[in-house]
Amino acid sequence: MGLIYDNPDLAALTLTRLAAEESEGPGTLEGRMRAYLDDLENRNGTAYLELVAITLARVHFKSLDDLARATGADAAALLDTAEVEALEGS
């Protein structure tokens, strides 16, 4: 990946694109995500990966908040549901 992806926002989007491709079926894409993260860490350090994680968390919450607004649901309730599902392994 090029240096343009050294921006945390763009790096998070790249990981999201890889996750979208992976959602079509499990395979080697997880390896692509790990390779991408390894490359980012090698070029920018561990602290940079922290920024990518923060960006992903913010984007994830924004998506939940947008869904809540569009459906009239409560964002906190959607977050609670997602947490319970993750804990249950769903």
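Values in this text are rule-based calculations from the coordinates and carry no lab data. Given the structure is predicted, the values throughout are model-derived calculations rather than measurements. Quick reminder, even Gly has a Cβ in these numbers, built from the backbone with ideal geometry, and neighbours come from all protein chains shown.
Miscellaneous remarks
- Stretched out straight at 0.36 nm per residue, the stretch from Asp9 to Ala70 would grow longer than its current Cα-Cα span by 19.6 nm.
- Cα-projected label distance for Glu41 with Phe61, points at 7 Å along beta-carbon direction, nm: 2.5
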